[in-house]
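Below is one structure, written out as structure tokens, with a few remarks after it.
The values are calculated or read from the model by the stated rules, or taken from the named source; none is laboratory data. Because the structure is predicted, anything quoted here is derived from the model rather than measured. Cβ sites come from the backbone with ideal geometry, for glycine too, and all protein chains shown count toward neighbours. Heads up: the accessible areas ignore ligands, DNA and RNA and are worked out on the full protein's heavy atoms, side chains in. Shrake-Rupley method; radii C 1.70, N 1.55, O 1.52, S 1.80 Å.
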Amino acid sequence: MFGPSLHQRIERLEADLYPQVRINDYHDRPFAVFLYHPQQEFDLRVEIHLLRTRLENKGKPVRIVCLTGLMWECIELALGSDGMEAFFEAERSVGVEAAIQTVHQILTQERPLDKLVAERLSALDPNHHIAFLTGAQALFPVYRTSSLLDRLFHAGVKVPTILFYPGELEGVTGLKFMGVLEPEHNYRARIY
């Protein structure tokens, strides 16, 4: 990735979050995507922590929703209390592809991830709070985030929400999840 550094882009995001939220290109979609290279994961975690601290010190509460944790919660809800062990056993016994399909079905149909995220955001005041969606890398390759923000919009989420997206930009709006999958061009959110 060329252009501004991770820190410079975080600063630009912060300027669009405080004092007034200006992250959305569509007035009814309070979402943005913060793109970072998957190899920057640990640097990004530090930046997110610092950004949250700065925003909260200015009176802007931030709710972090970890998609990794929610994914495992969905798996446990679908497969029972030893869901993680059942998942790993299924991967060993039937193969990676079958395990990927099982988790995809859980996250999209049985225990939809977008509904769990919407529940976590529903109590937040859109005039006061900001939400960060982190941990998207754990969803690779079982769940593409391209429809997540759209589903949150249709669920009525109004709180300003930033999806921290590990991937690469192709063209003007094409996002390649983890830099591997074919680019998705249907994000209707500003990309930082």
Heads up, I need the accessible area for M84: 1.4 angstrom probe, whole protein in place, Å², nearest 10.
80
Per residue, how much accessible area does segment 21-180 show when a 1.4 Å probe rolls over the protein heavy atoms, in square angstrom?
48
Which of the three applies to segment 77-192, rounded, prolate or oblate, going by the alpha-carbon gyration tensor with a ≥ b ≥ c and a/c under 1.5 meaning rounded?
oblate
Working from the alpha-carbon coordinates of segment 53-128, get Rg over Rh, Rh being the Kirkwood radius.
1.15
Cβ neighbours within 10 Å, averaged per peptide: list 49-61, 120-132 in order, most packed at the top.
120-132, 49-61
Using mean Cβ contacts within 10 Å as the protection proxy, how do 15-21, 146-152 order, highest first?
146-152, 15-21
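Looking only at the chain, where both bridge partners belong to it, what percent of the DSSP beta bridges are antiparallel (to the nearest 5)?
Within the chain, antiparallel bridges account for around 25 percent of the total.
Quick check on segment 8-61: take the gyration tensor over C-alpha atoms, sort the square-rooted eigenvalues as a ≥ b ≥ c, and tell me if it's rounded (a/c under 1.5), prolate or oblate.
It is oblate, given that a/c is not under 1.5 and a/b is not larger than b/c.
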For the Cα atoms of the chain, what angle does the longest principal axis make with the long axis of helix 83-94, in degrees from 0 to 90, nearest 10?
60
Whether segment 152-192 is rounded, prolate or oblate, judged on the alpha carbon gyration tensor where a/c under 1.5 counts as rounded:
prolate
Taking the chain as the reference, fit the longest principal axis to its C-alpha atoms, fit the long axis of helix 67-79 to the helix C-alpha atoms, and give the angle between the two in degrees, 0 to 90, nearest 10.
30
Over the chain, with every protein chain in place, what whole percent of the accessible area is carbon and sulfur at 1.4 Å, could you tell me?
52
How large is the Kirkwood hydrodynamic radius of segment 1-98, in angstrom, based on all distinct alpha carbon pairs?
16.6
According to a simple spin-label model (label point 7 Å from Cα along Cα-to-Cβ), what is the distance in nm between R54 and E11?
0.8
How big is the accessible area of I64 in square angstrom, nearest 10, if you roll a 1.4 angstrom probe over the protein chains?
60
Dipole of the chain, positive direction: furthest Cα of L175, S122, L148, with charges on the beta-carbon
S122
